[in-house]
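Have a look at the structure below before the remarks.
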Amino acid sequence: MKKWIFLLFVGLTSYGFYKILIHPMKLYVATGNPHKITEFKRLMALHGVDFPVLFGGDYGGMPEVDENGDSYEANAQLKVEGLEAKIGEGRWIVAEDSGLEVSALSGDPGIYSARFGGKIPQTERNQLLLSRLSNSSDRSARFICCYCLKSPDGKLYFFRGVCEGTILAAPQGGQGFGYDPVFQPNGEQRSFAVMSDEQKDRISHRAMAFNALLRFLKNAN
Ligand code: ITT
């Protein structure tokens, strides 16, 4: 009996070492946003990701990056390069840039979603968005998510996910983060902030982009 426990222990320990030290792929996720990390981890669990993934706490924190690109792709790449400057070249690094595009605002706030209205709490930011739309009958909007992946040989890959929906008349629900309370995905009768994690993960822009990223990584592995 004891021998079996010993063998099990050795097996599990070896597998742990294999995953961390020998596994050909180790993915660094470049983000400072704890909500994104939570969603990324949920999506990893959902898809049974079996390679090591490292987040901010594992590499001493995400460095400050000036997100001055003119597209989601450019900003995601800046984040990848920001982390690469800290941890060194020759690694798999992924970063994500996302935002909410509102048709009646000509696509704003878009890549400026995190800074819309300046340094104000997100509840005020959501109210500001609703007030900008108070006279608008067109409530259509979409969340965009773009992952930038850099491979150890320095190649860049981009994966986009989109979730179409409408902006509600008033905030709804307390789940999720950011603009979730004011965004209702098409085909749903409730905002992202009312849905369970599992429901959001089936249709969100981040889930769509993550699926494409994972398909690529599984083939590269
Ligand atoms: P990192 O740059 O560190 O990854 P960030 O919060 O600065 O984190 P972005 O520059 O990509 O991220 O800003 C995206 C903003 O868009 C984010 O702060 C939210 O306000 C909004 N957003 C993105 N995805 C969202 C989601 O799933 N639900 C609600 N709001 C979201």
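Listed values, structure above:
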read-out: Candidate set: region 127-169, residues that are charged (D, E, K, R) and either more than 14 Å from the ligand (Cβ to nearest atom) or crowded, with 18+ Cβ neighbours inside 10 Å (or both); chosen: the one farthest from Asp197 (Cα to Cα); value: Asp153
read-out: Residues (part of a loop (DSSP other than H, G, I, E, B), in contact with a Leu (Cβ under 8 Å, 6 or more places away or on another chain) and open to solvent by less than 30 Å² (accessible area, probe 1.4 Å)) located in region 66-96; value: Gly69
read-out: Test: residue in region 137-150 that is within 23 Å of Ile37 (Cα to Cα) and in contact with a Lys or Arg (Cβ under 6 Å, 6 or more places away or on another chain); value: yes
read-out: Test result for Lys26, touching a Pro at 6+ places or on another chain (Cβ under 6 Å), away from the ligand (no atom under 11 Å from the Cβ), at pLDDT 95 or above and not hydroxyl-bearing (Ser, Thr, Tyr); value: no
read-out: Odd one out for Asp66 among (1) in contact with a helix residue (DSSP H, G or I) (Cβ under 8 Å, 6 or more places away or on another chain); (2) free of Cβ contacts under 8 Å to residues at least 40 places away in the same chain; (3) under 20 Å from Pro181 (Cα atoms); (4) not small (Gly, Ala, Ser); value: (3)
read-out: Within region 170-195, considering residues that are open to solvent by less than 10 Å² (accessible area, probe 1.4 Å) and touching a residue at least 40 places away in the same chain (Cβ under 8 Å), the one farthest from the ligand (Cβ to nearest atom); value: Val182
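The values are calculated or read from the model by the stated rules, or taken from the named source; none is laboratory data. Not measured: the values here are computed from a predicted model. Every residue, glycine as well, gets a Cβ built from its backbone with ideal geometry; the counts of neighbours run over all protein chains shown. Just so you know, the surface numbers come from the protein's heavy atoms only, side chains and all, with ligands and any DNA or RNA stripped out. Shrake-Rupley method; radii C 1.70, N 1.55, O 1.52, S 1.80 Å.
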